[in-house]
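To start, the structure under review is shown below, and the notes come after it.
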């Protein structure tokens, strides 16, 4: 076999397999995993909820192929940290993650307390015993209120509510939307025993993996959400769920 024939034979193989390789890389770059816990009215397992609708709108018509993996909250964040997932959240901004530019959710940080505790000041709250969900410590302990919060953590939100019901604590601290759902789950006559009071505001952002894929995804997400907000295309979703528009 001549050297000239060898050259053209190798060249033909390169041309033949190059498109396949490029296509494989393209699929790999656009297949993304969204790791999330389930949250009623936000990330329901049947694909409904506010976050699902926002993500569907953001990725509509894009080259990205979005797959949802439902995982416990801390594991979802761990998957993003270790690049096993590309996006998760949402969280208040800190130094640990790569955050979106615009919050996906802004909501009051509130307490659920007995109706006898009306219009409590932070100084009064400082002398009460509260409870908060352990796995969401970073979200609920906002800088403007953390020095006034004394109490205990609960393993999960249902345990936090149970401590309040049993009179073991004076209030339950959490995101208002969560507290509203917990309050609505109680019998009507028991609901009347409790009162919601806003203490602070919570801005929550999606987080992305700190690899090349995550950074590209963040850039796409940021540019798209800014455009959709500028065109008033996301506002109807916020209004549908009675949420603050960022």
Worksheet item: What residue, among those in region 35-46 that are in contact (Cβ under 8 Å) with a residue 12 or more places away in the chain and farther than 15 Å from residue 177 by Cβ, is nearest to the chain's Cα centre (by Cα)?
Response: 36
Worksheet item: In this structure, does residue 57 turn out to be in a helix (DSSP H, G or I), touching a helix residue (DSSP H, G or I) at 6+ places or on another chain (Cβ under 7 Å) and under 24 Å from residue 141 (Cα atoms)?
Response: no
Response to the item:
Note on region 55-99: residues out of contact with any strand residue (DSSP E or B) (no Cβ under 7 Å at 6 or more places or on another chain) and under 22 Å from residue 133 (Cβ atoms) are 72, 73, 74, 75, 78, 81, 94, 96
Worksheet item: Within region 72-91, how many residues turn out to be crowded, with 18+ Cβ neighbours inside 10 Å and either part of a loop (DSSP other than H, G, I, E, B) or out of contact with any helix residue (DSSP H, G or I) (no Cβ under 9 Å at 6 or more places or on another chain) (or both)?
Response: 5
Item to complete: Mind listing whichever residues of region 182-210 are in contact (Cβ under 8 Å) with a residue 60 or more places away in the chain and part of a helix (DSSP H, G or I)?
Response: 182, 183
Worksheet item: For region 92-120, what are the residues that are more than 23 Å from residue 234 (Cα to Cα), touching a residue at least 60 places away in the same chain (Cβ under 8 Å) and in a loop (DSSP other than H, G, I, E, B)?
Response: 97, 115, 117, 118, 119, 120
Response to the item:
Those residues of region 182-199 which are surrounded by fewer than 16 Cβ atoms within 10 Å (Cβ to Cβ) and within 25 Å of the chain's Cα centre (by Cα) amount to 184, 185, 196, 198
Discussion item. Going through 173, 179 one at a time, which residue ends up being in contact (Cβ under 8 Å) with a residue 60 or more places away in the chain, part of a helix (DSSP H, G or I) and crowded, with 21+ Cβ neighbours inside 10 Å?
Written reply: 179
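Taken together, the values in this text are just the output of simple stated rules run on the coordinates, not laboratory data. Just so it is clear, the structure is predicted and the values come from calculations on it, not from any experiment. Neighbour counts are summed over all protein chains in view; Cβ atoms, including those assigned to glycine, are modelled from backbone coordinates with ideal geometry.
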